[in-house]
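J.: One structure is given below, represented as structure tokens, and several questions about it will come after.
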Amino acid sequence: MNKPLVSIIIPTFNKAKLAIETFKSIANQSYTNWECIIVDDGSVAGDYKVLHTFVKSDKRFSLHKRPINKKKGANACRNYGLSLSKGHYIQFFDSDDVMLENCLEGRVEAIEPLNLDLVIFSMGIYCKGGFKNDDTSDVMVNTWETALSAFVGKKRLPWNLQRTLYRASLIKERIIFDENLNRFQDVEFNIRLLSQLKPKFKIFSQIDCVYRRANSSNPRTKSFYKDVFQSIPILESIHTEIPSDILEHNRDNLKIWLFNLIGLYANKSLQKGELNTVINVAKEKLYLSNKQKIILNLLFFSKTKLKGIKGVVRLNSYLRKNYIKLNA
């Protein structure tokens with residue numbers, strides 16, 4: 001077969017039912033020269049058995065357990081899968097998303113003639129009657145510098161792992177995922193990739209895969225919110241990797257990003273100490289003012305202690321308005 005091999009790398013953990021749907025979407029690809037490396041992160045025996053039974057139906061799938069000397073988490077699974085891969089191209093994917101039939105074919109056909117390091121396609125989101133494109137025009141960037149600014153300065157990421165086909169020679173033995181991060185993996189990985197490797201890429205607006213939001217059949221893990229707060233010190237990596245001029249230009253945007261994260265993910269399962277860790281990192285890296293620190297503490301208290309109380313939405317809106325005003 002003269003078409004290049006694509007290595008699809010998928011971490012999975014206790015989502016066998018959804019994962020099988022993902023694997024079936026891969027098995028049905030119009031592009032047939034691929035290997036799918038599934039790395040299980042310690043699923044319960046029943047889920048692992050379901051995965052094992054499925055992969056026996058197609059030799060292009062292989063199932064591996066995360067080595068016991070590797071830290072638990074999707075990033076360690078991705079790194080291990082990458083070390084096993086043999087493809088000319090690398091496609092990271094999640095076990096709860098779906099590829100449309102022409103996904104791999106379209107990506108290979110896009111990257112091959114242009115000799116690019118990576119290509120990015122749009123990702124649909126399920127809604128009534130099908131799925132919609134959730135992209136916005138402000139993240140249709142075309143250089144590594146503008147992409148880097150978008151990763152730290154926009155409300156929406158310019159792309160995530162599932163949307164991207166990488167040339168293997170760009171990343172293998174050159175860059176790996178930070179295994180200490182449980183969240184913001186896409187952000188941190190792509191910031192380092194852009195800063196260190198300065199790749200040539202192109203973004204295409206066609207939808208070729210679909211994202212499944214968290215819901216009752218695809219629930220978030222019990223540790224999700226704690227993982228978010230423990231991963232916010234990604235600010236340290238951002239501060240280290242991003243060129244000083246791009247960082248300075250986007251510092252205020254990062255402060256707003258921090259406010260939004262606390263507003264979205266603070267809940268009653270979290271302790272004040274977890275916020276303190278975040279505040280300490282942000283104070284040093286983002287130059288938070290004392291008033292901004294007070295506002296973030298009030299926001300955290302509002303989200304963890306006052307949820308459902310009359311007037312709390314207005315309070316949070318007031319806090320946001322004054323926090324942003326302090327950036328001016």
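The values are calculated or read from the model by the stated rules, or taken from the named source; none is laboratory data. What you see is a predicted model, and the numbers here were worked out from it, not measured in a lab. Cβ placement follows ideal geometry from the backbone for every residue including glycine, while neighbour counts extend to all protein chains displayed. Side chains included, ligands, DNA and RNA excluded: accessible areas come from the protein's heavy atoms. Shrake-Rupley method; radii C 1.70, N 1.55, O 1.52, S 1.80 Å.
For every residue, the table says whether it meets (1) touching a helix residue (DSSP H, G or I) at 6+ places or on another chain (Cβ under 6 Å); (2) of a type in the set (Ser, Thr, Tyr); (3) free of Cβ contacts under 8 Å to residues at least 12 places away in the same chain.
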| position | (1), (2), (3) |
| --- | --- |
| LEU254 | yes, no, no |
| ILE262 | yes, no, no |
| LYS268 | yes, no, no |
| THR277 | no, yes, no |
| GLU284 | no, no, yes |
| TYR287 | no, yes, no |
| THR304 | no, yes, no |
| GLY308 | no, no, yes |
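So that you can scan it fast, the table gives a plain yes or no per residue for (1) within 24 Å of the chain's Cα centre (by Cα); (2) of a type outside the set (D, E, K, R); (3) closer than 16 Å to LEU18 by Cα:
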residue	(1), (2), (3)
ASP41	yes, no, yes
ARG66	yes, no, no
LYS72	yes, no, no
ALA76	yes, yes, no
LEU82	yes, yes, no
TYR89	yes, yes, no
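J.: Examine the stretch 278-290 for a residue that is open to solvent by 40 Å² or more (accessible area, probe 1.4 Å) and not in a helix (DSSP H, G or I), and state whether such a residue exists. Full working, then the answer.
T.: First, pick out the residues of the stretch 278-290 that are open to solvent by 40 Å² or more (accessible area, probe 1.4 Å): 280, 283-284, 287, 289-290.
Filter once more, so that each one left must be not in a helix (DSSP H, G or I): 287, 289.
Yes, the stretch 278-290 contains a residue that is open to solvent by 40 Å² or more (accessible area, probe 1.4 Å) and not in a helix (DSSP H, G or I).
J.: Inside the stretch 4-14, can you point out the residues that are of a type in the set (A, V, I, L, M), more than 21 Å from SER43 (Cα to Cα) and buried (at least 19 other Cβ atoms within 10 Å of the Cβ)? Before the answer, list the steps.
T.: Kept after step one, since they are of a type in the set (A, V, I, L, M), are these residues of the stretch 4-14: 5-6, 8-10.
Pick out the ones that are also more than 21 Å from SER43 (Cα to Cα) and you get 5-6.
Of everything in the stretch 4-14, just one residue is of a type in the set (A, V, I, L, M), more than 21 Å from SER43 (Cα to Cα) and buried (at least 19 other Cβ atoms within 10 Å of the Cβ), namely VAL6.
J.: Given LEU258, LEU298, LEU306, which one is outside the structural domain of TRP144 (by the TED database) and within 27 Å of ALA74 (Cα to Cα)?
T.: On the way: LEU298 fails: within 27 Å of ALA74 (Cα to Cα); LEU306 fails: within 27 Å of ALA74 (Cα to Cα).
Unique residue meeting the criteria: LEU258.
J.: Consider ILE324 carefully, then state whether it is closer than 20 Å to ASP227 by Cα and touching a residue at least 12 places away in the same chain (Cβ under 8 Å). Let's see the steps before the verdict.
T.: Values: closer than 20 Å to ASP227 by Cα: no; touching a residue at least 12 places away in the same chain (Cβ under 8 Å): yes.
No; evaluated as a whole, the condition is false for this residue.
J.: Here's a follow-up. Do you know which residues across the stretch 258-275 are open to solvent by less than 60 Å² (accessible area, probe 1.4 Å) and assigned to a helix (DSSP H, G or I)?
T.: Answer for the stretch 258-275, where residues must be open to solvent by less than 60 Å² (accessible area, probe 1.4 Å) and assigned to a helix (DSSP H, G or I): LEU258, PHE259, ASN260, LEU261, ILE262, GLY263, TYR265, GLY273, GLU274, LEU275.
J.: Just checking: which of the strands (runs of 3 or more DSSP E) contained wholly in the stretch 115-191 hold 2 or more residues that are in the same structural domain as ARG78 (by the TED database), of a type outside the set (Ser, Thr, Tyr) and modelled with pLDDT under 80?
T.: Hits in the stretch 115-191: 118-127, 130-133.
J.: Go through (1) at pLDDT below 80; (2) surrounded by fewer than 17 Cβ atoms within 10 Å (Cβ to Cβ); (3) not in a loop (DSSP other than H, G, I, E, B) and name the single condition ASN250 misses.
T.: Against the list (1) at pLDDT below 80; (2) surrounded by fewer than 17 Cβ atoms within 10 Å (Cβ to Cβ); (3) not in a loop (DSSP other than H, G, I, E, B), ASN250 comes up short only on (2).
J.: Kindly provide the set of residues from the stretch 273-322 that are aliphatic (A, V, I, L, M) and under 27 Å from the mean Cα position of the chain (by Cα), ordered by number. Even if it seems obvious, please write down each step before you answer.
T.: From the stretch 273-322, those aliphatic (A, V, I, L, M) are 275, 278-279, 281-282, 286, 288, 294-296, 298-299, 306, 309, 312-313, 315, 319; that's our starting set.
Answer for the stretch 273-322, where residues must be aliphatic (A, V, I, L, M) and under 27 Å from the mean Cα position of the chain (by Cα): LEU275, VAL278, ILE279, VAL281, ALA282, LEU286, LEU288, LEU296, LEU299.
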